[in-house]
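Here the structure comes first, spelled out in structure tokens, and everything after it is commentary.
The values are calculated or read from the model by the stated rules, or taken from the named source; none is laboratory data. What you see is a predicted model, and the numbers here were worked out from it, not measured in a lab. Cβ placement follows ideal geometry from the backbone for every residue including glycine, while neighbour counts extend to all protein chains displayed. These accessible areas exclude ligands, DNA and RNA; they are computed on the full protein's heavy atoms, side chains included. Shrake-Rupley method; radii C 1.70, N 1.55, O 1.52, S 1.80 Å.
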Amino acid sequence: MRYDDSSPPPESGPSANPDRHWFTRRSTLVVGIAALAPACLAGWVLTQALSGAGSDESRPRPAPQPAGHATVSPGQRDAKPGSTPSDSPGTPAAAPLPAPAKGPLTGKTVVVDPGHNTGNFQHTDEIDQQVDIGTNRKECDTTGTTTNSGYMEAEFTMDVSKRLRTALEAQGAKVVLTHETGARAWGPCITERARIGNDAKADAVVSVHADGVSSGSRGFHVILPAKVRSGAADTAKIVEPSRELGERIAGNFARTTGSEPANYLGGGTGLVVRDDLGGLNLSTRPKVFIECGNMRDAKDAAKLTSPEWRQKAAQGIADGIVGFLGG
């Protein structure tokens, strides 16, 4: 049977077709929901507007950054203080090296040789070994001398050498010491001391010492290499520049420390030439020894044991090196 839209349904009471009755209820529910939807939507929009929904304030946000602060990556955020941030968290960055000092000795290498070693007294068998110095054979090293009160030459030479290193580095030089305090029990041998200067291709080498002659002999002197060509020794190329280095050091040392040239050798010049020192004979670089004073003389010993005077001694030697190297 087909029903027209204008025709009434054949049954209209409770006993009517149940499917038809369910359809009627569902239609009514759908209509009701459809009527409520716009109202709900309007309410939601109003609620969001009042609560700030949809703005940045409703979402977690990073801590405020100072003006001009760049966005920080995870690797940068996790970096430890003092390190260089990287893109890889957990990878430590190398600490920046301090810039070397700039000065008149920039690009120059100076080798400083602290004479003897405080441990030589306990290693006499080792330092008594004979080594070839070209002109002859002699001990690997010696103990050095002391003041009458027991202050060791090796203590003095190391102290002045370290002060000298500081002064030279302040002028831009690269400084190599032939040995450091406590780094070795004895030595090094005189042959090794010469080799260190040669291998470093040093522009200048200074070996620091103090003399140990009789009381009444006072003053400093600088020892220059003689012209030697024998065995492994050949000083022909370094004799003249070594003399210039020695003269520069002698003049500045006297001026800075107030000390006089030695009164017992050198004819008052403060300069002495020798061919029996392996450290000079075997050197291929301009090199001198300086005997800063006589540890056995009370007046000289008073200077040598003074930290203030040792600082002047180091500065005088440094000034001579700067003058020699064209500073």
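Assorted remarks:
Conditions (1) in contact with a His (Cβ under 9 Å, 6 or more places away or on another chain); (2) under 18 Å from MET295 (Cβ atoms); (3) surrounded by fewer than 15 Cβ atoms within 10 Å (Cβ to Cβ), marked per residue:
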| residue | (1), (2), (3) |
| --- | --- |
| GLY103 | no, no, no |
| THR109 | no, no, no |
| ASP125 | no, no, yes |
| SER161 | no, yes, no |
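- Criterion (within 26 Å of CYS140 (Cα to Cα), of a type outside the set (A, V, I, L, M), modelled with pLDDT of 95 or more and buried (at least 18 other Cβ atoms within 10 Å of the Cβ)) met by exactly one of LYS303, LYS287: LYS287
- Here THR257 fulfils each of the conditions (1) within 27 Å of CYS140 (Cβ to Cβ); (2) of a type in the set (Ser, Thr, Tyr); (3) touching a Gly at 6+ places or on another chain (Cβ under 7 Å) apart from (1).
- Taken over the stretch 306-316, the criterion of being more than 12 Å from GLN171 (Cβ to Cβ) and either in a helix (DSSP H, G or I) or at pLDDT below 95 (or both) is satisfied by PRO307, GLU308, TRP309, ARG310, GLN311, LYS312, ALA313, ALA314, GLY316.
- Every residue from the stretch 179-218 that is open to solvent by less than 10 Å² (accessible area, probe 1.4 Å) and either touching a His at 6+ places or on another chain (Cβ under 6 Å) or part of a loop (DSSP other than H, G, I, E, B) (or both): GLY187, PRO188, ALA202
- Checklist (1) in a strand (DSSP E or B); (2) surrounded by fewer than 20 Cβ atoms within 10 Å (Cβ to Cβ); (3) of a type outside the set (Asp, Glu) applied to THR166, failing item: (1)
- Among the residues of this structure, ASP113 does not count as one that is surrounded by 19 or more Cβ atoms within 10 Å (Cβ to Cβ), part of a loop (DSSP other than H, G, I, E, B) and either among the polar types (S, T, N, Q) or modelled with pLDDT of 95 or more (or both).
- Residues (assigned to a loop (DSSP other than H, G, I, E, B) and under 13 Å from LEU280 (Cα atoms)) located in the stretch 219-255: ALA226, LYS227, VAL228, ALA232, THR235, ALA236, LYS237, ILE238
- Checking LYS237 against (1) under 24 Å from LEU164 (Cα atoms); (2) out of contact with any Asp or Glu (no Cβ under 8 Å at 6 or more places or on another chain), the condition it does not meet: (1)
- ALA298 passes every criterion in (1) under 16 Å from LEU224 (Cβ atoms); (2) in contact (Cβ under 8 Å) with a residue 12 or more places away in the chain apart from (1).
- Among the residues making up the stretch 278-305, a single one is in contact with a strand residue (DSSP E or B) (Cβ under 7 Å, 6 or more places away or on another chain), among the polar types (S, T, N, Q) and assigned to a loop (DSSP other than H, G, I, E, B): SER283.
- Remark: pairs (first residue in the stretch 132-144, part of a loop (DSSP other than H, G, I, E, B); second residue open to solvent by 60 Å² or more (accessible area, probe 1.4 Å); Cβ separation under 6 Å; 6+ apart in sequence or on different chains) = GLY134/GLY231; GLY134/ALA232; THR135/ASP275; CYS140/GLN129; THR143/PHE121.
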